[in-house]
Amino acid sequence: MTTTTIDDAPFIEPSATAPRNYLNDEYGVMSWLLTRDHKRIAILYIFSVTIFFFVGGIFAFLMRLELLTPEGDLFTSDTYNKLFTLHGIVMIFFFLIPAIPAVLGNFILPIMLGAKDLAFPKINLLSWYIYMIGGTFGVYVIIAGGVDTGWTFYTPFSTQYSNTHVFAVTLGAFITGFSSILTGLNFLVTIHRMRAPGLTWFRLPLFVWSIYATSVVIMLATPVLAITLVLLMVERVLHVGIFDPALGGDPVLYQHMFWFYSHPAVYIMILPGMAVISECVAAFTRKKIFGYKFVAFSSLAIAFLGFLVWAHHLFVAGISIYSAMIFSFLSMIVAVPSAIKVFNWTATMYRASVSWQTPMLYVLGFIGLFTIGGVTGLFLAALGIDVHVHDSYFVVAHFHYIMVGGTIMAYLAGIHYWWPKITGRMYPEWWARLSALLVFVGFNLTFFPQFLVGYVGMPRRYHAYAPEFQVLNVLSTAGATILAAGYVLPMIYLFWSLKFGRKAGANPWGAVGLEWTTPSPPPKENFHETPVVTWDAYDYPAFLKAMRETQNA
Amino acid sequence: MRNPTLYDLQHPGAAGSQPADDAAAHHHPFLQHHFEDLGQQHEASTLGMWFFVAQEILFFGGIFCAYTIYRVMYPAAWSAGAHHQNWKIGLFNTIVLIGSSLTMALAVWGAQAAKRKFTTLMLVLTLLLGSAFVGVKGYEYREHIHEGLFPGSNFTYVHHEDPSLTHGIELFMVFYFTMTGLHALHMIIGAGLLIWFIKRAWRGDFGEEYYSPVEIMGLYWHFVDIVWIFLFPLLYLIH
Amino acid sequence: MMLADFPLFPESASSVAPYVDGLYLGLVAITGAVSLLIWVVIFYFAIKYRRRPDNELAQEQEPPAALEMTWIIIPTIIFIGIFIVGAWVFFRIQRVPSNSLEVYATGRQWMWKFQHPTGQREINMLHVPVNRPVKITMASEDVIHSLWFPAFRVKNDVLPNRYRTVWFQATKTGRFHIFCAEYCGTQHSGMIGWVEVMEATEYQRWLAGGSEGSLASQGEKLFQKYACNTCHTNDATGRGPVLAGLNGKTIALADGRSVVADDNYIRESILNPTAKVAAGFQPIMPTFQGQVSEEDLIRLLAYVKSMPASGAAGSQPAGVPVGELRARPSTTTGTEQ
């Protein structure tokens, strides 16, 4: 059998004048605000989540400025408390949870499945509007003076003691939850019922498996947050003792209910990141992902096991020793499927064709940083250590390694990977590589010292701290400055590329996947005729063969 | 082109199973363009409603859990709180709601059988019964408020037999109002949807090929009914 | 800048700290090695198999599938091992030695108040002797706080309306940080203090340095002030049960349940007396909710716990066993820990 090479298939189309695509199909503001097209809705989301990302990022930067010195000399205590609360709320509810699913999932999933749109396009648009309404509450709260309870809203502080806009912000989070639920619902039905002919479950790209698992978690966990927030709002308004011990309530019950959602929520945030990484690893190694079925099932395992570990946030909060042991054990087990993914992605690179283009740089960064974030999770799951590091900067470092070193890097990988498909343009490669480097260096400098300062004894949510913690904090702030630069640069060059970037053909990367068989940008209905899939996921020879046949047909 | 589905097996020769090139000739007015055929659309809608119901179960499940925990902690107060509910009214409401589920199920059958007037009548009856339920609930709420049982600063009720239970009874009433309130909200949303469906049914939108909206409306309505079947004993009948 | 200004590791000043640090360093070694391995491998592969004109497409040569199983099974075993060691250290942290020196703590926005059984009260400062286990029983007056001694590697959340405990045995003299570790509002980062660990003789000297009498004797005054003694007499004639020897005993309740009379039970009986009424008695005790402050509650608790068992036959209501003095772990919904 002759070896197929990249020249055998028409991966790169000659650039032509822009044909009709989803961007120029209709013009006018209303054609965007009332669109049912999943691709346009994804663009609407990109704008919203990016704005919230920078709002949350500015709060973080202000916090880091304050933390340059041990004294609380830049802001008042109340202001600082509002900064970290809003940083958490904005980043989690308005950026991390929607970003990859609502931007990349919305755009790519139907195309990846060979479908014309998601199952419920109008509900998709409704999702965005609900998100914007929830986000408006968030913006209102920021402008009206903020909220200072921490994003976790622990009672009785949030219900009986805080003098800030707790009701408004919990209402905003409650509303935004519905956006999440509807998106998850849309994805689940689309994956079940709208796959192209020939696209069996085990031929699906791993992106789809992870998004599927994410959607399951969204559907089952978010409603529990919703009811918890309802009870919080009821207590706040009526001053009755649902969670207030003075009136017979149990504040630890609040923590159980809150974390029953919020722990699966972290899997809602990381699984889509893993989805992107699987795609990029395959594309930039031009190889099948090693152990496809294991990676696919590991997404489901993470989703399932993720529901069983919530009380590891309550090890010192008042649960019994025996409960603590059960949750510690389960928390160790939930690390296994994530480890499988890391090892399998690494193994995929063996004897592959590894490109060093920007998405792959973010992928390499993700694998390295997610590994560190994941293993520090083991530290936290180990009861003897958690007693010491709970509520310290060690925890802060752990989750930022996963959320920023993991999810945000994966998001950037996906944005760069699918940028040509979404916009029809290539981004400038060297500026992008520079940004990736700045992000990687800046990130490590920001967050690695936080592991150290946490174990040494610095509690989290501290406005002022003991003087001996200063050096590590200064390093962290220095890193934050570099990280900020790494995030600002893409804003500039990605916008630049819209007008001046090199035009991209259907498959600039030479990757396997249905999305790479349509023009860049895709036409409104994604495919001129429904594709028929005859290749396994990432099966280069079979894909090339199929492409040649459609070309010759 | 698409793998045959249960819908196709149930409806051999229906428009949806025609090959793609005939699709234009048999294009059903309510077929949405991103679906291949009505069969796929029907299955997608139904699956979507089942998933929606699943997350609703988690929503109500959360508050059922909290209710259970407090019931174990305060059995006497919970019992006293339940005694304050009029079980006869609750039973009446339960029968009304089960009746409305019957009329809803008949509406689904009628839609599929293309019985326009019958379907519309059944939907109207469902709406009336559902409204009766909400109306009775409103009456119960009013009575509770008059007795000083609304939680918060207006809670003036004192449990004379054992004053120490008063706090627990207030907590019970929080759960009572929140659980029945959320349930009633779901019913009101359902009523709004029913008004829309009555209009569509009267217009003759539904028939053998296209009745899935009524079916999934039925699914939603039955689910809301089942939630009440759990609420009634937990809030009215416990001892 | 001194190296002391740039600590990479906290002081190890308690009996439990070496175990926590040992587990920590062990984990650093294992996870560090694995992470380093991954980093090295991905960069090595990225370089060695980088795309060149002669390998535009990868050669599909999968490593043996048994590899998959090894890197599922081995991490699982390692993780379970970490769990076991972590749980073992956790038991050491949670099991309070029976001969502990008792201290009571109240957390409130935004200070720590410590009360010693001998009567001393301290704010944001805690004097303890070295090489003796110290058990702190604590509650919050308002929101959830958390009492953290980084140098001792122990912390526990401080809840409103429920007693929880944290214990340590300091192994070094000196001054170490106390931090509140659960966000509690404006001055959360100001809710800090120092624990002063002293040699035994110095500690005795400090104790002798004036107080208003022991905690228990202060409690006795309150017992009379609030007229508790009018119903809780020393014999069976009172309208309320005899409290002598109560601490740690299993009590039969009027509704058929039985509970262990621990700190939380005694506290609850003052604030919500009809919740768990003793068998043979009427639910007539009035509640003192709102009248007794947290510190007074601690004084009353100390007094009640200090009452010796009377031993005289017939001085207890029928059905209540006499003299079970060893404290048992709480079986009520709240936990002692």
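The values are calculated or read from the model by the stated rules, or taken from the named source; none is laboratory data. Computed from a prediction, not measured in an experiment: that's the story for all the values here. Please note: Cβ atoms are built from the backbone with ideal geometry, for glycine as well, and neighbour counts cover all protein chains shown. SASA here: full protein model, heavy atoms, side chains in, ligands and nucleic acids out. Shrake-Rupley method; radii C 1.70, N 1.55, O 1.52, S 1.80 Å.
Filter segment A:510-526 down to residues that are within 11 Å of another protein chain (Cβ to nearest Cβ) and either open to solvent by 20 Å² or more (accessible area, probe 1.4 Å) or over 16 Å from residue A:196 (Cβ atoms) (or both), then give me how many there are.
Matching residues across segment A:510-526 total 3.
The conditions are (1) touching an Asp or Glu at 6+ places or on another chain (Cβ under 7 Å); (2) surrounded by 22 or more Cβ atoms within 10 Å (Cβ to Cβ), and residue A:418 fails exactly one of them. Which is it?
Exception for residue A:418: condition (1).
Buried (at least 22 other Cβ atoms within 10 Å of the Cβ), within 14 Å of chain B (Cβ to nearest Cβ) and in contact with an Asp or Glu (Cβ under 6 Å, 6 or more places away or on another chain), is that true of residue A:242?
For residue A:242, the condition - buried (at least 22 other Cβ atoms within 10 Å of the Cβ), within 14 Å of chain B (Cβ to nearest Cβ) and in contact with an Asp or Glu (Cβ under 6 Å, 6 or more places away or on another chain) - is met.
Please work out which residue is farthest from residue C:104 (Cα to Cα), limiting yourself to segment C:258-302 and to residues that are open to solvent by 40 Å² or more (accessible area, probe 1.4 Å) and not in a loop (DSSP other than H, G, I, E, B).
Out of the qualifying residues, it is C:258.
Please identify the pairs in which a residue from segment C:265-292 that is assigned by TED's automatic domain parsing to the domain that holds residue C:250 and closer than 18 Å to residue C:250 by Cβ has its Cβ atom under 6 Å from the Cβ atom of a residue that is acidic (Asp, Glu) and buried (at least 18 other Cβ atoms within 10 Å of the Cβ), counting only partners at least 6 apart or on another chain.
These pairs meet every condition: C:275/C:268.
Among the residues of segment A:397-448, write down those that are within 27 Å of residue A:92 (Cβ to Cβ) and touching a strand residue (DSSP E or B) at 6+ places or on another chain (Cβ under 9 Å).
A:419
Pick out the one residue from A:387, A:363 that is among the aliphatic types (A, V, I, L, M), within 24 Å of residue A:276 (Cβ to Cβ) and facing chain C (nearest Cβ under 10 Å).
So the residue among A:387, A:363 that is among the aliphatic types (A, V, I, L, M), within 24 Å of residue A:276 (Cβ to Cβ) and facing chain C (nearest Cβ under 10 Å) is A:363.
Which ones in segment C:68-88 are under 30 Å from residue A:287 (Cα atoms) and open to solvent by 60 Å² or more (accessible area, probe 1.4 Å)?
Selection gives C:69, C:70, C:73, C:74.
Determine if segment B:188-201 includes at least one residue that is out of contact with any helix residue (DSSP H, G or I) (no Cβ under 6 Å at 6 or more places or on another chain), within 24 Å of residue B:52 (Cα to Cα) and touching a residue at least 60 places away in the same chain (Cβ under 8 Å).
Scanning segment B:188-201, I find at least one residue that is out of contact with any helix residue (DSSP H, G or I) (no Cβ under 6 Å at 6 or more places or on another chain), within 24 Å of residue B:52 (Cα to Cα) and touching a residue at least 60 places away in the same chain (Cβ under 8 Å), so the answer is yes.
Please enumerate the residues belonging to segment C:218-246 that are of a type in the set (A, V, I, L, M) and either open to solvent by less than 20 Å² (accessible area, probe 1.4 Å) or in contact (Cβ under 8 Å) with a residue 24 or more places away in the chain (or both).
C:222, C:236, C:242, C:243, C:244, C:246
How do the pairs read when you match residues in segment A:78-101 that are of a type in the set (A, V, I, L, M) with residues anywhere that are crowded, with 24+ Cβ neighbours inside 10 Å and not in a helix (DSSP H, G or I), using Cβ under 8 Å and keeping only pairs 6 or more apart or on different chains?
A:86/A:147; A:89/A:147
List pairs: first residue in segment B:59-86 and more than 11 Å from chain A (Cβ to nearest Cβ), second residue of a type in the set (D, E, K, R) anywhere in the structure, Cβ distance under 6 angstrom, at least six positions apart or on different chains.
Close Cβ pairs satisfying both conditions: B:78/B:71.
Checking the conditions here, which among A:475, A:434 is open to solvent by 20 Å² or more (accessible area, probe 1.4 Å) and without any contact (Cβ under 8 Å) to a residue 40 or more places away in the chain?
Step by step, each of A:475, A:434 is checked, and only A:475 is open to solvent by 20 Å² or more (accessible area, probe 1.4 Å) and without any contact (Cβ under 8 Å) to a residue 40 or more places away in the chain.
Across segment A:173-221, what is the number of residues that are part of a helix (DSSP H, G or I), farther than 19 Å from residue B:50 by Cα and either of a type in the set (Ser, Thr, Tyr) or at the interface with chain B (Cβ under 8 Å from one of its Cβ atoms) (or both)?
Of the residues in that region, 2 qualify.
Conditions: (1) touching a Ser or Thr at 6+ places or on another chain (Cβ under 9 Å); (2) over 30 Å from residue C:198 (Cα atoms). Residue C:18 meets all but one. Number of the miss?
Checking residue C:18 against (1) touching a Ser or Thr at 6+ places or on another chain (Cβ under 9 Å); (2) over 30 Å from residue C:198 (Cα atoms), the one that fails is (2).
Among the residues that make up segment A:228-237, is at least one of them touching a His at 6+ places or on another chain (Cβ under 9 Å), open to solvent by 10 Å² or more (accessible area, probe 1.4 Å) and not aliphatic (A, V, I, L, M)?
Checked segment A:228-237: no residue is touching a His at 6+ places or on another chain (Cβ under 9 Å), open to solvent by 10 Å² or more (accessible area, probe 1.4 Å) and not aliphatic (A, V, I, L, M).
Is it fair to say residue B:97 is open to solvent by 50 Å² or more (accessible area, probe 1.4 Å) and either in a helix (DSSP H, G or I) or at pLDDT 95 or above (or both)?
For residue B:97, the condition - open to solvent by 50 Å² or more (accessible area, probe 1.4 Å) and either in a helix (DSSP H, G or I) or at pLDDT 95 or above (or both) - is not met.
Scan segment B:179-186 and tell me whether some residue there is of a type outside the set (A, V, I, L, M, F, W, C), surrounded by fewer than 19 Cβ atoms within 10 Å (Cβ to Cβ), within 20 Å of the chain's Cα centre (by Cα) and within 17 Å of residue A:240 (Cα to Cα).
Yes, some residue in segment B:179-186 is of a type outside the set (A, V, I, L, M, F, W, C), surrounded by fewer than 19 Cβ atoms within 10 Å (Cβ to Cβ), within 20 Å of the chain's Cα centre (by Cα) and within 17 Å of residue A:240 (Cα to Cα).
When you go through (1) over 30 Å from residue A:524 (Cα atoms); (2) in a helix (DSSP H, G or I); (3) at pLDDT below 95 one by one for residue A:54, which number turns out not to apply?
Among (1) over 30 Å from residue A:524 (Cα atoms); (2) in a helix (DSSP H, G or I); (3) at pLDDT below 95, residue A:54 violates only (3).
Give the residue that is surrounded by the most Cβ atoms within 10 Å (Cβ to Cβ), with candidates limited to residues of segment C:89-104 that are free of Cβ contacts under 8 Å to residues at least 24 places away in the same chain and assigned to a helix (DSSP H, G or I).
Among residues in segment C:89-104 that are free of Cβ contacts under 8 Å to residues at least 24 places away in the same chain and assigned to a helix (DSSP H, G or I), the one surrounded by the most Cβ atoms within 10 Å (Cβ to Cβ) is C:90.
Select from segment C:158-212 the residues that are among the basic types (Lys, Arg) and open to solvent by 30 Å² or more (accessible area, probe 1.4 Å) and write down the one among them that is farthest from the other protein chains (Cβ to nearest Cβ).
Filtering first and then ranking leaves C:205.
Could you say which residue among B:114, B:76, B:105 is open to solvent by 40 Å² or more (accessible area, probe 1.4 Å), under 29 Å from residue B:198 (Cα atoms) and over 21 Å from the mean Cα position of the chain (by Cα)?
The unique qualifying residue is B:114.
Is it the case that segment A:304-317 has a residue that's surrounded by 24 or more Cβ atoms within 10 Å (Cβ to Cβ), within 30 Å of residue C:94 (Cα to Cα), in contact with a Pro (Cβ under 8 Å, 6 or more places away or on another chain) and at the interface with chain C (Cβ under 10 Å from one of its Cβ atoms)?
Scanning segment A:304-317, I find no residue that is surrounded by 24 or more Cβ atoms within 10 Å (Cβ to Cβ), within 30 Å of residue C:94 (Cα to Cα), in contact with a Pro (Cβ under 8 Å, 6 or more places away or on another chain) and at the interface with chain C (Cβ under 10 Å from one of its Cβ atoms), so the answer is no.
Within segment C:142-153, can one find any residue that is in contact with a Ser or Thr (Cβ under 9 Å, 6 or more places away or on another chain), open to solvent by 10 Å² or more (accessible area, probe 1.4 Å) and either of a type in the set (Val, Ile, Thr) or more than 14 Å from chain A (Cβ to nearest Cβ) (or both)?
No - not one qualifying residue is present in segment C:142-153.
Residue B:17 versus (1) more than 14 Å from chain A (Cβ to nearest Cβ); (2) at pLDDT 95 or above; (3) in contact with a Pro (Cβ under 8 Å, 6 or more places away or on another chain): which is the lone unmet condition?
Against the list (1) more than 14 Å from chain A (Cβ to nearest Cβ); (2) at pLDDT 95 or above; (3) in contact with a Pro (Cβ under 8 Å, 6 or more places away or on another chain), residue B:17 comes up short only on (2).
Which residues, taken from segment B:151-191, are more than 10 Å from chain A (Cβ to nearest Cβ) and not in a helix (DSSP H, G or I)?
Across segment B:151-191, the qualifying residues are B:156, B:157, B:158, B:159, B:160, B:161, B:162.
From (1) out of contact with any Pro (no Cβ under 9 Å at 6 or more places or on another chain); (2) surrounded by 14 or more Cβ atoms within 10 Å (Cβ to Cβ), pick out the condition that doesn't hold for residue C:215.
The single condition residue C:215 does not satisfy is (1).
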